[in-house]
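Below: the structure, in structure tokens.
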Amino acid sequence: MLAWLWLHLLVEVISNQSLSGSIIEDTINKPWRPLPAGRLTVAEARNLIRVTVVVSLAFSSFLGNLLPSTTLMTLTWLYNDLDGSSTGPLMRNTLNAAGLACFGWGAVSVLLATTNGTVLRNWLLLIVAVISTTIHIQDLADEEGDKARGRRTAAIIYGENWTRWSVVVVVIFWSVVCPAYWRVPLPYASAPLAIALIMSAVVLLGRSQSSDELGLRLWCFWVTVVFLLPPLSSNSR
């Protein structure tokens, strides 16, 4: 499972960071990354991704979970090479959410040796909804680089206040819905809500580059905790 995740994450990161627009953005937002830092050339990155895509698909075929792999590759292509990340908040958030759900789909299918099942399907659809309605928190910390690249993100189109409050309200909503869906007993059910409240305070009160970066890290932690809810379920789903 870890090998599958690592290989597909490598494909996604190289694809995301090796385009000309990505390098312009990263030079401002994340200058420590390999390409803007000069540790890797664009030609080397593209050669590496050609090999990694083939290896990832072959490995997925061997494991019997080729469908999550090809779906993730398609979404990565739409997001990066076809510039779906810059066309607007709806497309950007939806592709992000579907791609992250594919990582969960692929990982679980390796562990369970199946890509089917009502429980898995419903949970992945819920994850897509959770991520697609909250992931625009990343736009706050990357606003300067996104403007330089010409991206149309939620923070740029709707403004910072709308972006901050929409994330806060929806994260708190999902922090109640997801534990309830899995019937997670207390005190485990309170964990997502506690993290959501801390993140909300950081996002609403901080309003600086460092606090926005901290808010994004807390969001990642919150998503991780949400992903861990199924094993804690008291339900026999």
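Which ³J(HN,Hα) values, rounded to whole Hz and listed in residue order, are derived for the stretch 166-180 from phi using the Karplus coefficients 6.51, -1.76 and 1.60 in 6.51 cos²θ - 1.76 cosθ + 1.60 with θ = phi - 60°, glycine and proline given as x?
Calculated HN-Hα couplings, in order: 5, 5, 4, 4, 6, 4, 5, 4, 5, 5, 9, 5, 5, x, 5 Hz.
Mind grabbing the accessible area of residue 219 for me, 1.4 Å probe, Å², rounded to tens?
Its heavy atoms expose roughly 20 Å² to the probe.
Per 5 Å bin, what is the whole-percent P(r) computed from every C-alpha pair distance within the stretch 77-128?
P(r) over the stretch 77-128, rounded to whole percents: 4, 21, 24, 18, 14, 11, 6, 1.
With n ≥ 4 as the cut-off for DSSP H runs, can you work out [θ] at 222 nm for the chain, using -39500 (n - 2.57) per run divided by the number of residues, rounded to the nearest 500?
Theoretical 222 nm ellipticity from helices: -23500 deg cm²/dmol.
Applying the Karplus parametrisation 6.51 cos²θ - 1.76 cosθ + 1.60 with θ = phi - 60° to the phi angles of the stretch 6-15, what ³J(HN,Hα) value in whole Hz is obtained for each residue in order, glycine and proline being reported as x?
After applying 6.51 cos²θ - 1.76 cosθ + 1.60, I find 5, 4, 6, 5, 4, 4, 5, 5, 5, 4 Hz.
Can you tell me the mean projection area, over all orientations, of the convex hull of the stretch 3-80's alpha carbons? Units nm², please.
5.0
Can you tell me the Rg and Dmax of the chain, counting just the alpha carbons, in angstroms?
18.3, 52
Using a 1.4 Å probe on the protein chains only, how many percent of the accessible area of the stretch 1-42 belongs to carbon and sulfur? Before the final figure, lay out the partial values.
Values: 1550 of 2180 Å².
Its accessible area is 71 percent carbon and sulfur atoms.
Suppose every Lys and Arg Cβ carries +1 and every Asp and Glu Cβ carries -1, with no other charges. What dipole size does the chain come out with about its Cα centre, to the nearest 20 debye?
Charge dipole of the chain: 400 debye, to the nearest 20.
In Å², what does the accessible area per residue of the chain work out to with a 1.4 Å probe?
49
The values are calculated or read from the model by the stated rules, or taken from the named source; none is laboratory data. Since this is a predicted model, take the numbers as computed values, not measurements. As a convention, Cβ positions derive from the backbone with ideal geometry for all residues, glycine included, and neighbour counts pool all protein chains shown. Just so you know, the surface numbers come from the protein's heavy atoms only, side chains and all, with ligands and any DNA or RNA stripped out. Shrake-Rupley method; radii C 1.70, N 1.55, O 1.52, S 1.80 Å.
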